[in-house]
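Just below is one structure, and these are the notes that go with it.
The values are calculated or read from the model by the stated rules, or taken from the named source; none is laboratory data. Computed from a predicted model, the values in this text were never measured in an experiment. Here the Cβ positions follow ideal geometry from the backbone for every residue, glycine too, while neighbour counts run over all protein chains shown. Each accessible area value is taken on the protein alone, full model and side chains, heavy atoms only, with ligands, DNA and RNA left out. Shrake-Rupley method; radii C 1.70, N 1.55, O 1.52, S 1.80 Å.
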Amino acid sequence: MKLTRTIHIAGFLAAALIFAGCAQDKPPEAAPGAAPVPQMVTDLSSVSGATIDPLGTHAVPKRGEGLLHESSGDRSSPRTFGEEPGLSRSIGTDANPGEVRLLNDKAAKFANFSQVILERIFGQLRIAEKTEEISRTRLPTDIKPVIITAIMDRNGKLTELILEQHSGKTRIDQMMLSVCKKAIWYRNPPADALAEDGTYHLTIHGRLENYASTDETHWSFFTRIGLGIG
């Protein structure tokens, strides 16, 4: 009887040691509230298979240059941009509404340039949002804006994307990067909008909210996009 009890105890200890070893192999979870680290995306071909118009190689902005502060907007603002940052206008349709906004004084100064880029981004987002993967996504109410710094050379060709802030949903981050790769280019951009290093520094804020669903599975979204020029 004593021998049987000893065997049982030994077996229990062995099982406990195996369980502990498996637990140690499990990777530690990120600390709650830990700030996401900005990610530089240098290989744009890995973001999307779409053809760029065309890609080159150039300098990237200093860290944090993409974190421009968004001013408060007013939904009753005119449908065309004025010369004040923070002005927003409605875009899209009743079924797929959206809002575009200028984030700083420089974006307001070059409002026509900003508006073309914003509308291209919005158009590509509308296509991406209808894909099966994205349309089936139920987003958390506290999702953050995706913040991306985009660099264009003096000819208006996209050369770099930097993911400055994660939204909290990887598929949304990747969608925004893919959209920016397709949408950000400009023929004959205004020379006065160049940054000191001779490139164009654009900051894009993108935030999606579930808007409506006819089957509780596929969703349309309310899309908010902001643009700043560094």
- Among the residues of region 194-216 satisfying the criterion of being over 16 Å from the mean Cα position of the chain (by Cα) and open to solvent by 50 Å² or more (accessible area, probe 1.4 Å), which is nearest to PHE110 (Cα to Cα)? GLU196
- open to solvent by 50 Å² or more (accessible area, probe 1.4 Å) and without any contact (Cβ under 8 Å) to a residue 24 or more places away in the chain - does that describe any residue in region 170-177? yes
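Test VAL116 against the criterion of being closer than 27 Å to TRP219 by Cα, open to solvent by 40 Å² or more (accessible area, probe 1.4 Å) and modelled with pLDDT of 85 or more, and give yes or no.
On the way: closer than 27 Å to TRP219 by Cα: yes; open to solvent by 40 Å² or more (accessible area, probe 1.4 Å): yes; modelled with pLDDT of 85 or more: yes.
Spelling it out, VAL116 is indeed closer than 27 Å to TRP219 by Cα, open to solvent by 40 Å² or more (accessible area, probe 1.4 Å) and modelled with pLDDT of 85 or more.
Does region 80-102 contain any residue that is assigned to a loop (DSSP other than H, G, I, E, B), open to solvent by less than 10 Å² (accessible area, probe 1.4 Å) and on the phi > 0 side of the Ramachandran plot?
Residues of region 80-102 that are assigned to a loop (DSSP other than H, G, I, E, B), as a first pass: 80-87, 93-96.
Among the residues that remain, those that are also open to solvent by less than 10 Å² (accessible area, probe 1.4 Å) are: 86.
If we keep only those that are on the phi > 0 side of the Ramachandran plot as well, we get 86.
The answer is yes; a qualifying residue exists.
Quick one: is VAL146 within 15 Å of LEU202 (Cα to Cα) and under 17 Å from the mean Cα position of the chain (by Cα)?
Values: within 15 Å of LEU202 (Cα to Cα): yes; under 17 Å from the mean Cα position of the chain (by Cα): yes.
Judged against the criteria, VAL146 is a match.
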- Message: For region 135-155, check the following and say yes or no: at least one residue is assigned to a strand (DSSP E or B) and of a type outside the set (Val, Ile, Thr).
- Response: yes
- Report whether or not SER135 is surrounded by fewer than 17 Cβ atoms within 10 Å (Cβ to Cβ) and touching a residue at least 24 places away in the same chain (Cβ under 8 Å). yes
